[in-house]
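To start, the structure under review is shown below, and the notes come after it.
The values are calculated or read from the model by the stated rules, or taken from the named source; none is laboratory data. Values in this document were obtained by computation on a predicted structure and should not be read as measured data. Cβ placement follows ideal geometry from the backbone for every residue including glycine, while neighbour counts extend to all protein chains displayed. Ligands, DNA and RNA are stripped out before the accessible areas are found, and what is left, the full protein with its side chains, is counted by its heavy atoms. Shrake-Rupley method; radii C 1.70, N 1.55, O 1.52, S 1.80 Å.
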Amino acid sequence: MDKELKRSIILDNYQNPYHRERHDDEADYVKLNSRNVSCIDNIDLYIKIRNDKIEDISFEGEACVISISSTSIMSNLLQGKTIDEAIEVIKNYDAMIEERDYNENILGEAIVYDDVAKQPSRKKCATLSWHGLYHKLLELQQQSK
């Protein structure tokens, strides 16, 4: 994918993010916060899981272009996935960011961050919500066993 297309996808997901909304229904949604103490990035994720499947992911907060756009892409990509499938996608996303082997076929638009490792200061921005969700999904996975 060329740089202009990547830039266009990132900016579109920043300016018009998928699933950017707050959910206060604690009975249906699990809330988690992902924050980077060294900058403004502070995102609340709301996850609704039913029958081991991610029924909804939404978010709100203040963050940079990379954090907002990667959270938007993540929320759209993981909708409808099982917890196991979502964990696998997140592991592959992290492998891509860390320049390890990964399956690009399951990353969808998240592939736009395939060269973020060239800008180490942006790695935290690109992974902030992904890492927060990953740890929450692992916790929920353990609870269901």
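A few comments on the model shown:
- Qualifying residue in the range 33-55 (condition: free of Cβ contacts under 8 Å to residues at least 24 places away in the same chain, surrounded by fewer than 11 Cβ atoms within 10 Å (Cβ to Cβ) and under 19 Å from Thr82 (Cβ atoms)): yes
- Taking the numbered list (1) more than 12 Å from Leu128 (Cα to Cα); (2) open to solvent by 10 Å² or more (accessible area, probe 1.4 Å); (3) over 13 Å from the mean Cα position of the chain (by Cα) in turn, Cys64 passes all entries but (1).
- Residue in the range 110-145 that is farthest from Leu45 (Cα to Cα), counting only those that are outside any helix (DSSP H, G or I) and open to solvent by less than 70 Å² (accessible area, probe 1.4 Å): Asp115
- Output for the range 69-109, where each listed residue is in contact with a strand residue (DSSP E or B) (Cβ under 8 Å, 6 or more places away or on another chain) and surrounded by 22 or more Cβ atoms within 10 Å (Cβ to Cβ): Thr71, Ser72, Met74, Ser75, Leu78, Ala86
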